[in-house]
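Worksheet: one structure, shown below.
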Amino acid sequence: MAFKGEDCLDSLPLPVQRMHLIQVDSVQRWMDDLKLMTDCECMCILQSKPISIEKDEQNELILSSQYSTCDNLQQLLKRAWIISTELTRIALKVEKNRWQRVHSMTVRVNCHVRSMINEYNTFSRNFSEEMHQFEKLLIDKCSEFTAFTERCIQTEDEQILKSMKSCINEMLTTVAQYFGQLIELVLTHEAQNLLRQIELSDSMYSTELAISSLFSLTQEGAHLCRIIAKEGGVVALFKICRQDCFRCLYPQTLRTLASICCVEEGMHQLEKVDGILCLADILTDNTHSEATHAEAAAVIAQITSPHLTFTQHLSSFLENMEEIVTALVKLCQEASSGEVFLLASAALANITFFDTMACEILLQLNAMKILLAACSDKRIVDTPYSRDQVVTILANMSVLDQCASEIIQGNGVQLLMEMLFERSSSGNSAEVAACERVQQKSAVTLARLSRDPEVADAAVKLSCIPRLIKLCRSPTERNNSDSVLVACLVALRRLAVMSPDGLEDSDFQQLVKPRLVDSFLLCTNMEESFV
């Protein structure tokens with residue numbers, strides 16, 4: 001389940017989120033790249049002439065490659081990343097007139113390009129004439145580029161080198177353009193192959209294998225998701241989700257759909273095939289497994305992200321919203337694990353941003369009571385990420401007047417008070433950010449609900465005012481977060497109106513009486529600086 005954008009699922013530690021190549025440890029990177037670099041040197045010696053193998057051995061190689069398509073593509077993408085990085089470095093060396101380095105790096109790029117093409121041609125078949133043409137264009141241009149840079153190191157005349165510089169930049173641009181177009185064709189070809197396997201497969205195993213490889217491709221970034229969407233990936237996957245014979249593949253299929261729908265092309269395709277209706281049918285069908293329901297919730301969470309700019313066209317979502325919200329509340333109530341609750345509550349949280357009518361539906365379904373009860377079960381609500389989803393729903397529902405009585409009955413003020421103490425236990429940046437959101441949203445919810453005297457009185461009795469003052473005055477308590485500070489100042493001012501006796505005169509004079517911006521500036525200047 002891959003989720004993009006700064007929505008409620010941005011920093012979730014889901015198993016499907018993967019660390020991209022550029023983020024791995026430098027020693028591990030060197031170990032991974034060593035084989036590729038060694039192959040590159042071998043190719044220099046062999047001058048790109050592959051060692052011939054017997055026909056039977058070749059057939060055996062092709063057969064075995066069917067079972068490692070995903071690994072082969074990963075290798076291809078690593079090689080492509082190295083080439084892209086080398087091209088960028090060459091441009092920098094050209095600017096500095098480091099001609100010896102420019103030539104050696106050009107030779108290395110030439111070898112990598114030939115190795116990449118040979119490796120791809122080994123495991124892939126049935127590629128187009130257009131791809132062959134781009135391969136030849138790229139190899140020829142790389143050879144020309146290498147020869148030209150060799151002339152540079154044989155020339156010492158500065159004027160001649162200066163005149164050659166523009167030619168080198170032009171050649172570099174052309175190589176990068178041909179390389180990008182070839183990679184685009186290769187990835188499109190592989191996406192087409194996988195989708196063809198899904199369409200034509202007559203066995204469960206091969207369909208599962210193709211979907212798994214497709215999911216791996218989606219994890220390589222938004223660009224690949226766009227390619228898959230344009231090639232009909234969303235259509236093919238929803239076709240699987242409409243066939244009972246593939247029920248055991250629904251979770252994996254839905255997880256792949258959630259990844260593809262992070263891009264606008266995926267969303268448009270989802271709308272065209274009535275994907276919302278299909279998701280609603282899955283969520284409301286009690287015969288499906290909890291895993292299937294959870295993955296359907298993940299797709300809903302993705303397509304309703306409040307930070308995506310292309311959700312306005314989801315008109316069919318409004319038609320099915322009540323059914324979907326009802327099913328998600330039930331999933332929250334019956335969740336057997338923290339991850340299932342996280343996905344269901346994240347979908348609900350996003351929906352409350354998507355349409356205000358959702359809050360009224362949630363109130364009618366006693367969702368407040370269900371969510372507050374879940375928070376008392378540490379087995380279900382076990383991370384700051386889950387609490388972030390719950391407090392998001394509470395904050396959005398708190399605009400309704402009827403919400404106050406529900407909060408009081410469910411001991412919700414106590415929960416909000418506890419959330420003001422949310423701190424990361426690991427120090428992980430994603431978890432720290434989640435804790436900040438929990439603190440901010442719990443303060444926002446308190447501020448909104450404190451218009452009700454009963455809620456304000458309960459908050460004062462639970463010592464919310466001293467905690468809010470502490471968060472305002474101590475940057476470390478709020479992890480230096482300005483958003484938490486503003487929310488706490490607003491909540492403190494609302495409670496001070498209801499209970500002015502709860503504040504010391506200095507707190508009132510500094511945190512309540514001035515304009516909000518003045519109090520904010522005062523608190524931000526309390527940063528621990530002893531210079």
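The values are calculated or read from the model by the stated rules, or taken from the named source; none is laboratory data. Computed from a predicted structure; not experimentally measured. Glycine also receives a Cβ, built like all others from the backbone with ideal geometry; neighbour counts cover every protein chain displayed. These area figures cover heavy atoms from the full protein model, side chains too; ligands, DNA and RNA do not enter into them. Shrake-Rupley method; radii C 1.70, N 1.55, O 1.52, S 1.80 Å.
As an equivalent ellipsoid, segment 425-531 spans semi-axes of 23, 18, 11 angstrom, where each value is the square root of five times an eigenvalue of the C-alpha gyration tensor, largest first. Estimated at the nearest 10 Å², the accessible area of ILE160 is 80 Å² with a 1.4 Å probe. Suppose R0 equals 25 Å. What FRET efficiency, 1/(1 + (r/R0)^6) with r the Cβ-Cβ distance, do GLN219 and GLN181 give to the nearest 0.05? It comes to 0.60. Using a cut-off of 30 Å between Cα atoms, the listed pairs LYS78/LYS378; LYS369/LYS461; LYS272/LYS441; LYS239/LYS378 include LYS78/LYS378; LYS272/LYS441; LYS239/LYS378 as exceeding that distance.
On full extension, the segment bounded by ASN479 and ASN97 gains 132.9 nm, given 0.36 nm per residue less the C-alpha separation. Label separation (SER429 vs ILE370): 3.6 nm, computed from points 7 Å beyond Cα along the C-beta direction.
Of interest is the spacing of the C-alpha centroids, which for segment 410-465 and segment 82-150 amounts to 56 Å. In this simple spin-label model, placing a label point 7 Å from the Cα along the Cα-to-Cβ direction at both GLN509 and HIS132 gives a separation of 8.7 nm. Simple spin-label estimate for HIS307 and ASP457 gives 4.1 nm between the two label positions (7 Å along the Cα-to-Cβ direction from each Cα).
Ranked by the mean number of other Cβ atoms within 10 Å per residue, highest first, peptides 175-182, 299-306 order as 299-306, 175-182. Rounded to the nearest Hz, the phi-derived 3J(HN,Hα) couplings of segment 131-148 under the Karplus curve 6.51 cos²θ - 1.76 cosθ + 1.60 (θ = phi - 60°) are 5, 4, 5, 5, 4, 5, 4, 5, 5, 5, 5, 5, 5, 4, 4, 4, 4, 5, where x marks glycine and proline. With a threshold of 22 Å on the Cα-Cα distance, the over-threshold entries among LYS136/LYS230; LYS141/LYS165; LYS470/LYS513; LYS93/LYS141 are LYS136/LYS230.
Residue ranking by accessible heavy-atom surface, 1.4 Å probe, largest first, among PHE310, PHE508 comes out as PHE508, PHE310. Please work out, to two decimal places, the log10 of the ratio I(q)/I(0) at q = 0.10, 0.20, 0.23, 0.26 Å⁻¹ from a Debye calculation in which every Cα of segment 340-432 carries one identical scatterer. Those come out to -0.25, -0.98, -1.25, -1.51, one per q. Element breakdown for segment 66-188 at a 1.4 angstrom probe: carbon and sulfur atoms account for 49% of the accessible area.
Applying the criteria of a DSSP loop state and at most 14 other Cβ atoms within 10 Å to the trypsin sites (Lys or Arg not before Pro) of segment 485-516 yields ARG515. Computed with a 1.4 Å probe on the full set of protein chains, the accessible area for LYS141 sits at about 40 Å².
Loop-located trypsin sites (Lys or Arg not before Pro) in segment 226-309 (DSSP state other than H, G, I, E, B) with a sparse environment of at most 14 neighbouring Cβ atoms within 10 Å: ARG242.
Under the rule a/c < 1.5 gives rounded, and otherwise a/b versus b/c splits prolate from oblate, where does segment 66-188 land using the Cα gyration tensor? Prolate, because a/c is 1.5 or more and a/b exceeds b/c.
A full extension of the chain between ASP140 and GLU156 corresponds to an added length of 3.1 nm, given 0.36 nm per residue minus the alpha carbon distance. With Cα atoms as the point set, the radius of gyration and Dmax of segment 201-273 evaluate to 11.4, 32 Å.
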